[in-house]
Amino acid sequence: MNRKTFTLALCFLILTLVWLGYNIYELLRCCCSCHIFTAAVAVAVTVAAVCIVCHEFRKKRRVHLDKANRHQIP
């Protein structure tokens, strides 16, 4: 897991969750066809963000070159 990439993915997830919450609020306040489409797009982007965070979390942590064994074949 790369910390910078994971942090960026987590920030993206938080922003998409806020955007999804706002779109659901607007959908409940005024049920319009444009709000339904926007909420559907927000759900799709949020699912993608969750997948990105899960993928980054499951990645194997990289070993720094100073700590790696140069005589061992990876």
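Annotations
- The residues of the chain have, on average, 86 Å² of accessible surface per residue, using a 1.4 Å probe with all protein chains present.
- Angle between the chain longest axis and helix 3-29 axis [Cα atoms, degrees, rounded to 10]: 10
- In the chain, the portion of solvent-accessible area held by carbon and sulfur atoms comes to 69 percent [1.4 Å probe, whole percent, DNA, RNA and ligands not counted].
- Degrees, to the nearest 10: 33-58 long Cα axis against longest axis of the chain: 10
- Isotropic mean projected area of the C-alpha convex hull, the chain (nm²): 5.8
- Dipole of the chain computed with +1 at Lys/Arg Cβ and -1 at Asp/Glu Cβ about the Cα centre; of Ala68, Phe6, Phe57, farthest Cα towards the positive end is Ala68.
- Given +1 at the Cβ of Lys and Arg, -1 at the Cβ of Asp and Glu and no other charges, the dipole of the chain around its Cα centre is 600 debye to the nearest 20.
- Spin-label pair Ala44-Asn69: with each label point 7 Å from Cα along the Cα-Cβ axis, the two points sit 4.8 nm from one another.
The values are calculated or read from the model by the stated rules, or taken from the named source; none is laboratory data. Computed from a predicted structure; not experimentally measured. Positions of Cβ are generated from backbone atoms using ideal geometry, with glycine treated the same way; all protein chains shown enter the neighbour counts. The protein model used for the area step is the full one, side chains on, heavy atoms only, and it has no ligands, DNA or RNA in it. Shrake-Rupley method; radii C 1.70, N 1.55, O 1.52, S 1.80 Å.
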